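The values are calculated or read from the model by the stated rules, or taken from the named source; none is laboratory data. Keep in mind it's a predicted model, so treat the numbers as computed, not measured. Reconstructed Cβ throughout: ideal geometry from the backbone, glycine too, with neighbour counts over all protein chains shown. Surface accessibility is based on the protein's heavy atoms, side chains included, excluding ligands, DNA and RNA. Shrake-Rupley method; radii C 1.70, N 1.55, O 1.52, S 1.80 Å.
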Amino acid sequence: MNSTMSDMIWTRAIEEAGLGAIHEKVRNGERLSFEDGLRLYATPQLNLLGYLANMVRERKNGNVAYWVRNQHVNYTNVCNKGCLFCSFYARPKDDPRAYVMTPEDAAAKVANYRDVPITEVHVVGGVNPKLPYAYYLELLRAIKAARPEAHIKAFTMVEMDQIVRCSKKPAEEVFEDLKAAGLDALPGGGAEVMSDRVHEDLFHTKPNATRWLELARLAHRAGLKSNATLLYGHVEQTPEKVEHFVRLRELQDETGGFLTFIPLSWHPEKTALEHIAPPTGVEDLREIAVARLMLDNFPHIKSFWIMNSAPVTQSALWYGADDVDGTIMEYEIIRDPARDRKQVLTSRQLVEMIIEAGRDPVERDPLYNTVSVGLESVMDVERALSEKYANQGHNSENLQILTRAEVTTAAQKLKGKLKKELVEQV
């Protein structure tokens, strides 16, 4: 079948699904409206969304799929925010899993993977009010000294809010201090869903959406690129997700500081909301596609294989995603029941996964500069290193939280704070 015939078939299907006006906007590179976003979520025709999102994806990034050699460092799980959707955080007063790494501990973790040419160290943790301002500067300096050639992508806007508070300085000065200590970019988490309702119900002690956007604006003005995320699949409603996209898009119009958008598939295990079923692969693909169509001014859309799974991420490369993230090495925020925090794909596995999906793999650095192409310089050592080092720096009580029935997380202890309608949601 030639491409003209194929396009005619797709066009007819799009018209029959009532998406003709959106299709016309996509073809012409026009911005979709809030109402268009609602329509995209409402259509049952998922493959048509994929077709439309792929038009934008290939217009921006061709057949390329990016990956990165990266390492995650979660420097503490102590947090005072009490989010009901999170199994990661711990309270020192009643949770033996609580930990805080010293800057030297974090540097040792980075040094463990010196045999992998990592270009990005991703650093996030809980909001620990007992950590002084100097800790964050020392943490960055220690990691940079251990891996001077790598970019440090550190601190969500929620962490930044705490860092600014404890610094007793204007945010503008804090960003300059952090840059001098080694900060190169910021990740995108913490906003979750930009909805006052969800904020009040699930994470009311965190900075609200307005503060998140304010800090992102200041970071961009300081010359720091950042990402943005959406946590979906819990209690959010469709209009709230579309509003989230619109607010991010408006800030990107203003600053141009966002590099990548990452829809994050929520995992209910060991949270206060564990009675709610997790998102399906179909929902994951829809979120990727809608994000690509709504966020016309974002260069990249990532499918985070840790949360979406590797197979869904392969499909996502045809539903709007052009980035699969990276090697990870170890991950603490959500766990794999079998592998716990030892969550890693080797560089060879990542590249072969992309090739199998029919895309052209390009290794990137954190700013999307090309490092290698195809199977150049891939290796398989990452998994062995993760098996050896992933648990270093953590106490034994922090292991296997998903499979140990006796472990009750801080979020599970807060089930009594759920509103009645959230308890009844299935």
With the first residue restricted to the stretch 93-110 and required to be under 17 Å from Arg147 (Cβ atoms) and of a type outside the set (A, V, I, L, M, F, W, C), and the second required to be in a helix (DSSP H, G or I) and open to solvent by less than 10 Å² (accessible area, probe 1.4 Å), Cβ contacts under 7 Å at 6 or more apart or on different chains are Pro103/Leu139
Note on the stretch 274-306: residues touching an Asp or Glu at 6+ places or on another chain (Cβ under 9 Å), β-branched (Val, Ile, Thr) and farther than 15 Å from His244 by Cβ are Ile306
Restricted to the stretch 176-227 and to residues being outside any helix (DSSP H, G or I) and among the basic types (Lys, Arg), the residue most open to solvent (accessible area, probe 1.4 Å) is Lys225
Residue pairs within 8 Å by beta carbon, gap of at least six or interchain, first lying in the stretch 203-216 and closer than 12 Å to Ala171 by Cα, second of a type in the set (Val, Ile, Thr) and in a helix (DSSP H, G or I), listed first then second, are Leu215/Val164; Ala216/Thr255
Looking across the stretch 70-107 at residues that are of a type in the set (D, E, K, R) and more than 19 Å from Phe155 (Cα to Cα), the single one that is surrounded by the fewest Cβ atoms within 10 Å (Cβ to Cβ) is Lys93
Within the stretch 302-324, the residues that are at negative phi and either polar (S, T, N, Q) or assigned to a helix (DSSP H, G or I) (or both) are Ser303, Trp305, Ile306, Met307, Asn308, Ala310, Pro311, Val312, Thr313, Gln314, Ser315, Ala316
So, first residue of a type in the set (Lys, Arg) in the stretch 143-167, second residue open to solvent by less than 40 Å² (accessible area, probe 1.4 Å) and assigned to a helix (DSSP H, G or I), Cβ within less than 8 Å, six or more apart or across chains; the pairs are Lys144/Ala181; Arg147/Val110; Arg147/Ala111
Practice item. With respect to Val123, determine if the residue is open to solvent by less than 30 Å² (accessible area, probe 1.4 Å) and either in contact with a His (Cβ under 8 Å, 6 or more places away or on another chain) or farther than 17 Å from Lys81 by Cβ (or both). Key: yes
(request) Inspect all residues belonging to the stretch 260-283 and state whether any of them is small (Gly, Ala, Ser), open to solvent by 10 Å² or more (accessible area, probe 1.4 Å) and within 15 Å of the chain's Cα centre (by Cα). (result) no
Checked pairs for the stretch 181-198, first basic (Lys, Arg), second in a helix (DSSP H, G or I), C-beta under 7 Å and 6 or more apart or across chains, list as none
Selection from the stretch 136-153 of residues crowded, with 20+ Cβ neighbours inside 10 Å and either among the hydrophobic types (A, V, I, L, M, F, W, C) or touching a strand residue (DSSP E or B) at 6+ places or on another chain (Cβ under 8 Å) (or both) yields Leu137, Leu139, Leu140, Ala142, Ile143, Lys144, Ala146, Arg147, Ala150, His151, Ile152, Lys153
> Do we have Val123 as modelled with pLDDT of 95 or more, β-branched (Val, Ile, Thr), assigned to a loop (DSSP other than H, G, I, E, B) and within 26 Å of Asn208 (Cα to Cα) here?
Replying inline: no
